[in-house]
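K.L.:
My questions will all concern the structure given below.
Here, each number is a calculation from the coordinates, and none is a lab measurement. Quantities reported herein were computed from a predicted structural model and do not represent experimental measurements. When we count neighbours, we look across all protein chains shown, and the Cβ atoms used for this are built from the backbone with ideal geometry, even at glycine.
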Amino acid sequence: MVTDRSLLAGKAYGTGEHLAARQTLYQWQTPRHDLPGIVVDELADVRGVVADVGCGNGKFVARVRDDRPDLDMLPMDVSPGIIGAIPGAVVADVQQLPVTDGCLGAVLALHMLYHVEDQAQAVRELARVLAPGGIAIVSTNSRTDKRELEHLWRRAAGDVLGVQEGPARVQLSARFTLEDDRAILGAAFGEIRTIPLPGVIEVTDAEPVVAHLASYEAWADRMGVPFQETIERARERVNEVIRAEGVFRVTCLGGMLVCR
C-alpha cells in the first residue's frame, strides 16, 4: 500500500505539505542532526553529476547546490507536483533511471526505497549509474524508530473503536529499515557504512505530533479506523501526557547508509 505510484504522485506527495509536516517534527529532537550537512560531507571527494532520486521537496538538493556549486545536481522524483519549484528537476522512477551507465559521481536515495515496488531492481539501477569509485547515499529508519507514535496511534484507534488497541497505522519505512541494509543493498554494493542518527523528540505542545500523524492522510482509508477521529483522540492523549509529565517524548533512530 505504500508503493502505489498514482497515490504517491497524488495524495501522498502531490505537494510538499505532508512531507514537510513529517520533517518538521525533528525540530524538537535532541541531538539535532544536520542531515543535508552530513550528505555534503560525504560528497567531499565526489566530482561531476550527483542525482537525488526521490528528491521530494528539494531540501537536500538546495543544500548541496549552495555548499557544492561545483557539482551538477540532478533532482528526480515520481511526483510532478512536488518537484514543480525545483530548477532542473525531472520526473523519473528509480526502477528505470534515465541516466547512462557509469556517469554519476554519486546518487542519493533518501527515505524513499520503501516506496519502491521492486527494490532489487532499484538498487541495481543505483549501482548501474555510478562511475567507478562513486557512492550511493541511502537513508531510512530503524525498526525501533518512533515506537511511541505507533503505541499512541493504536491506543487512540482503540479508544475510537471501543477496544483496548486498534489496528496499526501504515508505517512507511517498514518495507526497508536500517536492519535490512545488507539484504536489500548488499546484492549491488560490497561496502555499506552506517551513520546512525539517534535522538529523542520532546514536545510541550501536541500540534507537531498531530501534524506528523495527520501527514499519513493519503493512506487514511487503509488504516481500518476513522482517521480524523483517531487523530483528534491522539491529540487528547498527547495533551494528557504533557499535563501529567510536562513533555511528550518520542525516541528516534534513523540512519544513512553510504554504499560503494
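K.L.:
Based on the Cα coordinates of region 107-171, what is the per residue volume of their convex hull in Å³?
P.N.:
So the per-residue Cα hull volume is 93 Å³.
K.L.:
Over region 98-189, what is the mean sequence separation of C-alpha contacts under 8 Å (at least six apart), divided by residue count, expressed as relative contact order in percent?
P.N.:
32
K.L.:
Let me ask another. Quick check on the exposure proxy: order Asp221, Asp4 from fewest to most C-beta atoms within 10 angstrom.
P.N.:
Ascending Cβ contact count within 10 Å gives the list Asp221, Asp4.
K.L.:
Taking the chain as a Gaussian network, Cα atoms linked when under 10 Å apart, which of Gly54, Gly84, Gly224 shows the biggest mean-square fluctuation?
P.N.:
Comparing Gly54, Gly84, Gly224 in a Gaussian network model of the chain, the most mobile one is Gly224.
K.L.:
How large are Rg and Dmax for region 1-159 when only the alpha carbon atoms are used, in Å?
P.N.:
Both quantities, over Cα of region 1-159: 16.4, 55 Å.
K.L.:
Continuing with the same structure: For region 36-149, what proportion of DSSP beta bridges, expressed in % and rounded to the nearest 5, is antiparallel?
P.N.:
In region 36-149, DSSP labels about 5 percent of beta bridges as antiparallel.
K.L.:
May I pose another question? In debye to the nearest 20, how big a dipole does region 19-122 give about its Cα centre with +1 on each Lys and Arg Cβ and -1 on each Asp and Glu Cβ?
P.N.:
380
K.L.:
Relative contact order for the chain: what percent, with Cα pairs under 8 Å and sequence separation of 6 or more?
P.N.:
Relative contact order comes out at 22 percent.
K.L.:
Which value, in debye to the nearest 20, gives the size of the charge dipole of the chain about its Cα centre, when Lys and Arg are +1 and Asp and Glu are -1 at the Cβ?
P.N.:
220
K.L.:
Could I ask something else about it? Just to be sure I understand: of the beta bridges DSSP finds with both ends in the chain, what percent are antiparallel, rounded to 5?
P.N.:
Bridges in the chain are about 55 percent antiparallel.
K.L.:
Continuing with this model, one more query. Where in region 185-225 are there GluC sites (Glu not before Pro) that are in a DSSP coil and have at most 16 other Cβ atoms within 10 angstrom of their Cβ?
P.N.:
Of the GluC sites (Glu not before Pro), the ones in loops of region 185-225 whose Cβ has at most 16 other Cβ atoms within 10 Å are Glu191.
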